[in-house]
Amino acid sequence: HALETLAQVTDVVLDKTGTLTLGRFSVASVDVFGSMDAGQCLALAAAMEEGSTHPVGLALMAAAREAGLSAPDIQGARHVPGQGVQACFAGAAIRLGSQCFAAGARDPARLSSLADGQDEASGAIATQVWLAGDAGPLARFVLRDAPREDSHETVRALQAMGRRVHLVSGDDARTVEAWAADFGIRSCAGGVSPEGKKDYVARLQSRGAVVLAVGDGINDAPQLGLAQVSMAVAAGTPLARASADVILNGHGILGVAHALRTARRARRVMRQNLGWALAYNLSFIPLA
């Protein structure tokens, strides 16, 4: 199934964090907007991410440990797949995650204006994680990631084969657009939930596309399951690997392009073999 479908792929939908990029974040800066200082905000964010295996959560916890910060007392921490974490601190609801998720029902325009005012300093290609409470935004964490060494080569190879490449991520839309421009990908979407990723694939399929989805996280599982054929990074989550048809071993993703080439060669050889068999049977059976 995988080889036959890979040979027919028209569109490749790629995740960003952990797929095109290494997913090994480091906290570059902390911008504070409320009454709490940077250390308090970082400690609070790390406490909310306690036990998380997401690259962003690991980066926040590592930064708090390095700074020697003690974890504050939070209650009811709950992870929302593809969005962030919500909890209760000092009797108030707090959210940590994407800009839209952190804003919730409160003043998303203010977060947007704060982001616009500081994007030039932080660099749009950095990943932004927002911490907000009932009173409004508390802090923005700017995290740096790096592309996998073969990501640019993989995208160029797919485009050279005539495949349409899409970058779909739960990260902030501006961050995703900046990464897409860096990779030379024209079709991109940011701030997309797991169900939104699935809907993105469904829209492509409704237009007749044969979709290959590539991802590594829990939030990629819905699109991996819906796509006609899917690949998961070996270092990804067990759910992503279980949802995929193909596992990419090693540290890079150039295997995506290799798999497509191999599938096309395999289909060509199969057709040649069928052609020879047909010619043989049409010639020698009547003779016999």
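For segment 209-243, residues that are touching a residue at least 40 places away in the same chain (Cβ under 8 Å) and part of a loop (DSSP other than H, G, I, E, B) total 9. The strands (runs of 3 or more DSSP E) located wholly in segment 62-118 that include 2 or more residues which are modelled with pLDDT under 90 occupy 75-80. Open to solvent by 30 Å² or more (accessible area, probe 1.4 Å), touching a strand residue (DSSP E or B) at 6+ places or on another chain (Cβ under 7 Å) and more than 29 Å from residue 103 (Cα to Cα): is that true of residue 246 in this structure? Answer is yes for this residue.
Going residue by residue through segment 209-227, is there one that turns out to be within 30 Å of residue 35 (Cβ to Cβ), open to solvent by less than 20 Å² (accessible area, probe 1.4 Å) and small (Gly, Ala, Ser)? For segment 209-227, residues within 30 Å of residue 35 (Cβ to Cβ), open to solvent by less than 20 Å² (accessible area, probe 1.4 Å) and small (Gly, Ala, Ser): absent. Applying the criterion of being touching a strand residue (DSSP E or B) at 6+ places or on another chain (Cβ under 6 Å) and either over 22 Å from residue 254 (Cα atoms) or not in a strand (DSSP E or B) (or both) to the residues of segment 160-176, the residue that is modelled with the highest pLDDT is 163.
When residues in segment 119-133 are screened for being more than 22 Å from residue 169 (Cβ to Cβ) and either modelled with pLDDT of 85 or more or β-branched (Val, Ile, Thr) (or both), 1 of them pass.
The values are calculated or read from the model by the stated rules, or taken from the named source; none is laboratory data. These numbers were taken from a predicted model, which means no experiment stands behind them. A quick note on method: Cβ atoms are made from the backbone with ideal geometry, for glycine too, and the neighbour counts reach across all protein chains shown. With ligands, DNA and RNA removed, areas are computed over all heavy atoms of the protein, side chains included. Shrake-Rupley method; radii C 1.70, N 1.55, O 1.52, S 1.80 Å.
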